[in-house]
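Q: Below is one structure. I have some questions about it.
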Amino acid sequence: AEFALDSAPELVFRFAGANLALIEESETAVARWFEGLDPAPTALIAPGAFVAPLMLTRLQARGLGVPGRVSLVGCYPAPWEAERLLPALTALEYDHGRTLETALRLLDALMSDPDSVEERQPGLDPRFTVRASTARPISL
C-alpha cells in the first residue's frame with residue numbers, strides 16, 4: 001500500500017536509482033498507465049518535490065491535460081515549489097516555518113541537556129492545499 005492506500009502493483013511507481021534513472025522510469029510508468037491500462041488513472045499522487053514536476057512534464061508531453069484528463073497531487077513539496085508549476089500543484093504540505101521552529105527548539109533542548117531529548121518524530125501536521133492541478137476528470 002502506497003501512502004497507506006491500497007493500490008494495484010501496476011499503479012505504483014517506485015524508482016531505485018539516480019535522477020537520470022528516475023527520468024527514464026517515469027516515462028515508462030506514464031506510458032504503462034495511460035497506454036496499457038483500461039481504464040487509465042484519473043489522478044496521480046507524486047511523492048517529493050522532484051517527482052511531481054517530472055510527472056507533470058511527462059503527462060503534458062503526452063497531451064494529457066492536468067487537470068481535466070488527470071489530476072496531480074504532490075506530497076511534501078515546499079509551497080513555493082508547488083506554486084511555481086503550471087498548473088500550480090495541489091499538495092499535502094508541511095508548514096516549513098513551523099517545522100524549522102520545532103527543529104530549532106529540539107536542537108536547543110538537546111544542546112542544553114542531551115539526556116532530556118529522546119529520538120522521536122515530532123508531530124508536524126501536514127495541510128492539504130488545493131491548487132490548479134486537480135479537478136473532476138472530464139471523462140466522468
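Q: Could you list the GluC sites (Glu not before Pro) in the range 65-119 that lie in coil according to DSSP, counting only those with at most 14 other Cβ atoms within 10 Å of their Cβ? Don't jump to the answer; show the numbers that get you there.
A: Working: sites: 81, 83, 93, 101, 118, 119; in loops: 118, 119.
Qualifying residues, ordered by number: 118, 119.
Q: Here is a further query. Once you put a point 7 Å from the Cα of residue 40 and another 7 Å from the Cα of residue 101, both along the Cβ direction, what distance in nm separates them?
A: Modelled inter-label distance: 4.4 nm.
Q: Here is a further query. Could you tell me how many cubic angstrom of Cα convex hull volume the range 71-140 has per residue? All intermediate terms of the calculation are to be shown ahead of the outcome.
A: Values: hull volume 5.9 nm³, N = 70.
For the range 71-140, the hull spanned by Cα atoms encloses 85 Å³ per residue.
Q: On the accessible surface of the range 42-134, probed at 1.4 Å, how many percent belong to carbon and sulfur atoms?
A: Numbers: 3060 of 5360 Å².
Result for the range 42-134: 57 percent of the exposed heavy-atom area is carbon or sulfur.
Q: At 0.36 nm per residue, minus the direct Cα-Cα distance, what do residue 80 and residue 61 gain on full extension? Give it in nm, one decimal, please.
A: Values: separation 19, 0.36 × 19 = 6.84 nm, distance 2.34 nm.
Gain in length upon complete extension: 4.5 nm.
Q: Let me ask you something else. Determine how large the accessible area of residue 32 is when every protein chain is in place; take a 1.4 Å probe and give Å² rounded to the nearest 10.
A: Residue 32 exposes around 90 Å² with every protein chain in place.
Q: In nm, give the distance between the simple-model label positions of residue 23 and residue 117, each being 7 Å from the Cα along the Cα-to-Cβ direction.
A: It is 3.9 nm.
Q: In addition: Counting only heavy atoms of protein chains, what accessible area per residue, in Å², does the range 41-100 have with a probe of 1.4 Å? Write down the numbers at each step before the final one.
A: Working: 2570 Å² over 60 residues.
On a per-residue basis, the range 41-100 sits at 43 Å².
Q: Of 99, 47, 65, which is farthest on the positive side of the dipole of the range 12-116, counting Cα position, with +1 on Lys and Arg Cβ, -1 on Asp and Glu Cβ, and the Cα centre as origin?
A: Of 99, 47, 65, it is 65.
Q: Another question, if that's okay. Leaving out ligands, DNA and RNA but keeping every protein chain, what accessible area does residue 90 have, in Å² rounded to the nearest 10, with a 1.4 Å probe?
A: So the heavy atoms of residue 90 present about 0 Å² to solvent.
Q: Under the 0.36 nm per residue contour assumption, what length would be gained going from the current alpha-carbon distance of residue 110 and residue 128 to full extension? Don't skip to the answer; put the middle values down first.
A: Details: separation 18, 0.36 × 18 = 6.48 nm, distance 3.13 nm.
Length gained, residue 110 through residue 128: 3.3 nm.
The values are calculated or read from the model by the stated rules, or taken from the named source; none is laboratory data. Here the structure is a predicted model, which means the values were calculated and not measured. In this analysis, Cβ positions are derived from the backbone assuming ideal geometry, glycine residues included, and neighbour counts consider all displayed protein chains. What goes into the accessible areas is simple: the full protein's heavy atoms, side chains included, and nothing from ligands, DNA or RNA. Shrake-Rupley method; radii C 1.70, N 1.55, O 1.52, S 1.80 Å.
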